[in-house]
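Visitor: Here it is, the structure in full.
The numbers here are math on the coordinates, done by the rules we state, and not lab data. Keep in mind that this is a model prediction, so the values were computed, not measured. So basically every Cβ, Gly included, is an ideal-geometry build from the backbone, and we count neighbours across all protein chains shown.
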Amino acid sequence: MQANNTTSQINAHEHLLEMLSAILLQLNALQTVVHNDKPDLNAMRNGLASMEQITREAIHEIRSSSDEIPLPELVGFTLVEALSHAVEETAERLRLSSRVVFSGEERTLPSYTERLLYRIAQEALYQVQQHINARKLRFTLNYGHDEVQISIEDDGILPTDEEETPVPHFRDAGDNGHTPGRNELSTAYGPYIDLRHRVEHLGGSLEVNAQPEQGTRIQARVPYAAPNVGAQLIAPSATSNPTPPSAPVNEHPITAHIHVLVVDNQAVSRAGLRRLLESYPDLDVVGESADGV
């Protein structure tokens, strides 16, 4: 078992190094684009989007590897005990009136589910500290028929200082450039993004409802049966079938150009290399391949 863990850690380490190398290649390519007399804005947008995707994958990789490390708060305690202590400690420290409700028949959950639920509660309780004039804190945990649900609510007011507003380039993937209002910030920005992706990966959901004058509610639902556990949550471009080598982009030989085939087993590395090579006018990238065959 220890040998398997060591091998897994080595593989994760190598994968992270490849991701960082891909990000560096993208940065080099963007520097080349920026230094041109007429920078290609589309190339810059594509490069930034690619770096954002790779960075998200790297964050998920780090989060996933840390899942093998037991949370100290859960060692020797049940999930109910650990959550009760966390809520009561936060309420006492912030001088809030608190209410903790548990319902349903308590079940034994997989360790990854317990860790994820505790991290969601931990993040929600941390966010309560950022709210203004909070007086009440309510926590509920329900063991339903098919899923476990947790909810954390407080009546604090969201900060209005402009410095608290996350900058647009941290928007969640897939929001189509929509700029959310104050009551939507927590669903589109911030620390809940990765947590929500992980919950959805298990077939559940994570919702954040923040109203300026009505407080904030965080609700998570995780089914007991999670068929996707163990599969990596990465972008389709990194999990799809390798792109086969394509025909040269120019059928007529051009003596001034060098034709290049990009070969790498990682899709993100191939994308970074291609972006960098395509920035040179005397190079033609004719295709990609995942292996030497």
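Visitor: Return the FRET efficiency for the residue pair Ile157, Glu89: r is the Cβ-Cβ distance, R0 is 22 Å, and the value is rounded to the nearest 0.05.
Guide: 0.45
Visitor: Can you give the net charge of the other residues whose Cβ lies under 10 Å from the Cβ of Arg138, counting K and R as +1 and D and E as -1?
Guide: 0
Visitor: Gln214 to Glu123: extension gain in nm, 0.36 nm per residue of separation minus the Cα-Cα distance?
Guide: Difference between extended and current length: 30.8 nm.
Visitor: Report, by chain and number, residues whose modeled amide H sits under 5 Å from the one on Leu283, excluding near sequence neighbours (fewer than 5 apart, same chain).
Guide: Residues meeting the amide H criterion: Ile258.
Visitor: Could you run the Karplus curve 6.51 cos²θ - 1.76 cosθ + 1.60 with θ = phi - 60° over segment 275-292 and give me ³J(HN,Hα) per residue in whole Hz, x for Gly and Pro?
Guide: The phi angles translate into 4, 5, 5, 5, 6, 9, x, 9, 10, 10, 7, 8, x, 9, 8, 8, 8, x Hz.
Visitor: When Arg217, Arg275 are ordered from fewest to most other Cβ atoms inside 10 Å of their Cβ, what list results?
Guide: By the 10 Å Cβ count, ascending, the order reads Arg217, Arg275.
Visitor: Also: Going by average Cβ density within 10 Å per residue, which order do the peptides 200-213, 97-110 take, highest to lowest?
Guide: Highest to lowest by the protection proxy: 200-213, 97-110.
Visitor: Taking neighbour counts of Cβ atoms within 10 Å as a proxy for exposure, in what order, fewest first, do Leu125, Leu283 appear?
Guide: In order of increasing Cβ crowding within 10 Å: Leu283, Leu125.
Visitor: So what are the ³J(HN,Hα) numbers for segment 213-221, from phi and the Karplus equation (6.51, -1.76, 1.60; θ = phi - 60°), rounded to whole Hz, Gly and Pro as x?
Guide: Each residue of segment 213-221 in turn: 10, 10, x, 10, 10, 10, 10, 10, 10 Hz.
Visitor: Between Asn265 and Asn36, how high is the FRET efficiency from 1/(1 + (r/R0)^6) when r is the Cβ-Cβ distance and R₀ = 35 Å? Nearest 0.05.
Guide: With R0 = 35 Å, the Cβ-Cβ based efficiency is 0.65.
Visitor: May I ask you to derive the FRET efficiency for Ser205 and Arg45 from their Cβ-Cβ distance with R0 = 51 Å, giving the value to the nearest 0.05?
Guide: 0.95
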